[in-house]
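For reference, the structure is listed below as structure tokens.
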Amino acid sequence: MRKELTLSYEYFESWKELSEDDQELVNRALHVMDSAYAPYSNFKVGTSLRLSNKHIINGSNQENVAFPSGLCAERVALFYAGANYPDLSVSTLCVVASGDLLPQDKLLSPCGGCRQVMMETESRQGKNIRVILVSQNNSVVVFNNAKSLLPLAFGAE
Ligand code: THU
């Protein structure tokens, strides 16, 4: 028997087509990307997430000469949110990146570790996290939940 997994998302040619709230998140993610400390990869990533009380948390990737000690932008933001606002849920998370590593038309595709953390945040809070990924040429995809980014995931349940 053959089974298939489908991945569904919305696509927009420009993030300027998004709602005002979503555009604000993209702007904040682009802004925080400048604070990335990425001397080893020269690849800057910015994440902004909106909490259930509308508060926005930002994060950027932070590298270290002892490579595994660094952390991706998504986890910087998600762990900050978990540490400081443990009673609030994450409603939307946006990721942007810049660097020669990423062709202009390609979205930053969050790494497996970040997907795992997004998914567990989503399952702990019992509410979907919308995920917005933006390319350097401004195209954007929107996923309705984090779980769809990690099919067949190893889950806490
Ligand atoms: N990076 C992120 O911040 N998020 C991802 O989803 C993928 C990778 C960072 C880690 C490292 O600082 C740099 O990008 C190159 O891998």
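The values are calculated or read from the model by the stated rules, or taken from the named source; none is laboratory data. All figures in this text were calculated on a predicted structure; none of them were measured in a lab. Neighbour counts are summed over all protein chains in view; Cβ atoms, including those assigned to glycine, are modelled from backbone coordinates with ideal geometry. Each accessible area value is taken on the protein alone, full model and side chains, heavy atoms only, with ligands, DNA and RNA left out. Shrake-Rupley method; radii C 1.70, N 1.55, O 1.52, S 1.80 Å.
Per this entry, D100 is counted among residues that are open to solvent by 20 Å² or more (accessible area, probe 1.4 Å), modelled with pLDDT under 95 and either more than 17 Å from L149 (Cβ to Cβ) or among the hydroxyl-bearing types (S, T, Y) (or both). Beta carbons closer than 6 Å, at least 6 apart along the sequence or on distinct chains, pair a first residue in the stretch 71-97 that is farther than 26 Å from P39 by Cβ with a second that is among the polar types (S, T, N, Q) for L88/S52; L88/N53; S89/S52; S89/Q125; V90/T121; S91/S52. Of the conditions (1) open to solvent by 90 Å² or more (accessible area, probe 1.4 Å); (2) in contact with a strand residue (DSSP E or B) (Cβ under 6 Å, 6 or more places away or on another chain); (3) within 17 Å of A146 (Cα to Cα), L25 satisfies every one except a single condition; which number is it? Only one criterion is unmet by L25, namely (1). Exactly one residue out of T92, T47, T121 is surrounded by 15 or more Cβ atoms within 10 Å (Cβ to Cβ), outside any loop (DSSP other than H, G, I, E, B), near the ligand (Cβ under 10 Å from one of its atoms) and polar (S, T, N, Q): that is T47.
Filtering the stretch 50-64 to residues that are within 12 Å of the ligand (Cβ to nearest atom) and part of a loop (DSSP other than H, G, I, E, B) leaves N61, E63, N64. Here L88, L101, L78 are screened, and the one residue that is within 16 Å of the chain's Cα centre (by Cα) and at negative phi is L78.
Within the stretch 121-143, residues that are farther than 19 Å from Y11 by Cβ and among the basic types (K, R) sit with their Cβ atoms under 8 Å from residues that are modelled with pLDDT of 95 or more and surrounded by fewer than 20 Cβ atoms within 10 Å (Cβ to Cβ), at 6+ positions apart or across chains, in these pairs: K127/S52; K127/S89; K127/S91.
Can you confirm whether L107 is of a type outside the set (S, T, N, Q), open to solvent by 40 Å² or more (accessible area, probe 1.4 Å), within 14 Å of S35 (Cα to Cα) and within 11 Å of the ligand (Cβ to nearest atom)? Spelling it out, it is not the case that L107 is of a type outside the set (S, T, N, Q), open to solvent by 40 Å² or more (accessible area, probe 1.4 Å), within 14 Å of S35 (Cα to Cα) and within 11 Å of the ligand (Cβ to nearest atom). L133 meets all of the listed conditions (1) more than 16 Å from the ligand (Cβ to nearest atom); (2) under 15 Å from the mean Cα position of the chain (by Cα); (3) surrounded by 16 or more Cβ atoms within 10 Å (Cβ to Cβ) but one, namely (1). Report, by residue number, each residue of the stretch 34-44 that is under 17 Å from the mean Cα position of the chain (by Cα) and either within 19 Å of Q125 (Cβ to Cβ) or open to solvent by less than 20 Å² (accessible area, probe 1.4 Å) (or both). Matches in the stretch 34-44: A36 only. With respect to the stated conditions, S148 is among the hydroxyl-bearing types (S, T, Y), under 27 Å from S14 (Cα atoms) and either modelled with pLDDT under 95 or within 13 Å of the ligand (Cβ to nearest atom) (or both).
Only residues that are farther than 27 Å from S123 by Cα and more than 10 Å from the ligand (Cβ to nearest atom) were counted in the stretch 65-81, giving 2.
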